[in-house]
Structure formats: C-alpha cells, structure tokens
1. Which of the strands (runs of 3 or more DSSP E) found entirely inside region 1-100 contain at least 2 residues meeting this: at pLDDT below 95, buried (at least 20 other Cβ atoms within 10 Å of the Cβ) and of a type outside the set (Ser, Thr, Tyr)?
2. Determine which member of the set LEU145, LEU175 is at pLDDT below 90, aliphatic (A, V, I, L, M) and surrounded by fewer than 22 Cβ atoms within 10 Å (Cβ to Cβ).
3. Only one of (1) within 23 Å of LEU175 (Cα to Cα); (2) outside any helix (DSSP H, G or I) is not met by GLY115, so which one is it?
4. Considering only residues that are more than 15 Å from the chain's Cα centre (by Cα) and outside any helix (DSSP H, G or I), which ones fall in region 160-193?
5. Could you give me the residue pairs with C-beta distances under 6 Å whose first residue belongs to region 89-103 and is touching a residue at least 60 places away in the same chain (Cβ under 8 Å), whose second residue is charged (D, E, K, R) and in a loop (DSSP other than H, G, I, E, B) wherever it lies, and which are 6+ apart or on separate chains?
6. What's the total number of residues in region 165-193 that are touching a strand residue (DSSP E or B) at 6+ places or on another chain (Cβ under 6 Å) and small (Gly, Ala, Ser)?
7. Scan region 205-226 and tell me whether some residue there is in contact (Cβ under 8 Å) with a residue 40 or more places away in the chain, surrounded by fewer than 16 Cβ atoms within 10 Å (Cβ to Cβ), more than 20 Å from the chain's Cα centre (by Cα) and on the phi > 0 side of the Ramachandran plot.
8. Name every residue in region 195-204 that is closer than 29 Å to ASN162 by Cβ and over 15 Å from the mean Cα position of the chain (by Cα), in order of residue number.
Amino acid sequence: MARIIETSHISRVYHMGTNVVKALQDISITIDKGEYVAFMGPSGSGKSTLMNIIGCLDTPTSGSYVLNGHLVSDMTENELAEIRNKEIGFVFQTFNLLPRASALENVALPLIYAGYGKSEREERAMAALENVNLADRYHHKPNELSGGQRQRVAIARALVNNPSIILADEPTGNLDSKTSYDIMALFHELHEKGNSIIMVTHEDDIAHYAHRIIRLKDGLVEWDKVNDNVTRSTPSLVTE
C-alpha cells in the first residue's frame, strides 16, 4: 500500500500569555492509502490538534508532516490552502453548509476554488450526491433537509474533489443514534470503494467502526492498534 500520511516527531505548542500549552508532544504515525482510522481520546488529549495538522489547518511547532508525498509542515498559508482543497475532504460535526445554497451548490463549492467551470461543477456535484444516495434532494436547502441528509450533503462535498483522504471531525456528534448508525454505514460503503478515511471521535462505539484505532492521551499516542471487532451497520433509510 502507498503511504499517504507520515508524521515524524511532531509537536504543537501554544503560548497563551505566560502559559505554555503542549497540545502535542511527540507524534510519529503512518497511514496508508485505503485505511480507515479513528483518532480518539478524552478532551485535551490532542486529537483535535492532530486533526488540524493532518488537515493542513495548522502546522506543527517541530517535526515533519508528509501528505501524499508533499512535505506540508513548512508550507505557507497559501500553499496549505491549495493542498487542503486538493488532497483533503472535510466532514464536520456542524455540517458547515451555506444556509441559502442548495445541496448541489454546497457540494460544488470546493470545485469553484479548484477552478472548474459551472457545467463541470454541477455534473461532478450531482455525481457526488448520487454517491451518497441524495441526488433526489439536489435542489433542497439545508433547512429543508434532516440532520442525516445534511451530513450526507457534507460527505458529498468532501468527496467531490476526489481527495486523498476524507477527514471527519466528530461526524455523528449532532445526530441521533439511528442516524449516526446510518452515517457510519455510509462511511463503511465509501471505505469499501477505496476511500481513505480518518475520523476523529471521543465516542468509543463510533471509533469501533474504523479498522484501526489510535488513542491519544496528553499529546502522545497512548496506543495504536488494529480493530479486530469492526462494528457493522446497515442503513435503515438511506435518505434520512
């Protein structure tokens, strides 16, 4: 398998007045193309900081980070923005959809920044909506969709640029249990199609949908192991 992520002794230190916060202390991990990995740990463990660095939203204080062959740990903000749009599809807990835009327009948004013309944007956005079983809702705005449907739109938006990885930050945090299981079933389907998925969660039951779990504590990797008991779920209603 081709290596898609490699961090070598990365740390992240924040200076808050006279206080020094060591959010990450010494993180060295590798993730291969096609893996399905969960980062988990309690509040303050460093998982969100690690997600921000892997998602090219932040850079480490020390150490190196290579994403799909690109050394990103020393990039400028503009360079980070460019590689973020090309290599990473984000799925957020709060969906982060534009309220006045349709599902199709929300999904097509990353393609605007990538420089695609309108017709190709719409074609690719519709294909992404079909991939999450939501093509029949393409003209609906977020307030006309259920929570699960809004998350599916967010997942379609994450897929539309064919990114190297899907990075999901607490993707079920705002969903009820049934809808959470449906969304996790969708992630399973996407992984089966060859997508690389990294999920950040504090919920043990959600982490066990992943095939590998990395647990953080106090800015360090507490353990990193293959999940031998992957949870499976079958979506009850794919459009709910």
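1. In region 1-100, 88-91 are the strands (runs of 3 or more DSSP E) which contain 2 or more residues that are at pLDDT below 95, buried (at least 20 other Cβ atoms within 10 Å of the Cβ) and of a type outside the set (Ser, Thr, Tyr).
2. LEU175
3. (1)
4. If the condition is that a residue be more than 15 Å from the chain's Cα centre (by Cα) and outside any helix (DSSP H, G or I), then ASN174, LEU175, ASP176, LYS193 are the ones that fit.
5. Hits for this filter: GLN93/GLU170.
6. So the answer is 1.
7. Checked region 205-226: at least one residue is in contact (Cβ under 8 Å) with a residue 40 or more places away in the chain, surrounded by fewer than 16 Cβ atoms within 10 Å (Cβ to Cβ), more than 20 Å from the chain's Cα centre (by Cα) and on the phi > 0 side of the Ramachandran plot.
8. Within region 195-204, just GLU203 meets the criteria.
The values are calculated or read from the model by the stated rules, or taken from the named source; none is laboratory data. What you see is a predicted model; the values in this text were computed from it and never measured. In this analysis, Cβ positions are derived from the backbone assuming ideal geometry, glycine residues included, and neighbour counts consider all displayed protein chains.
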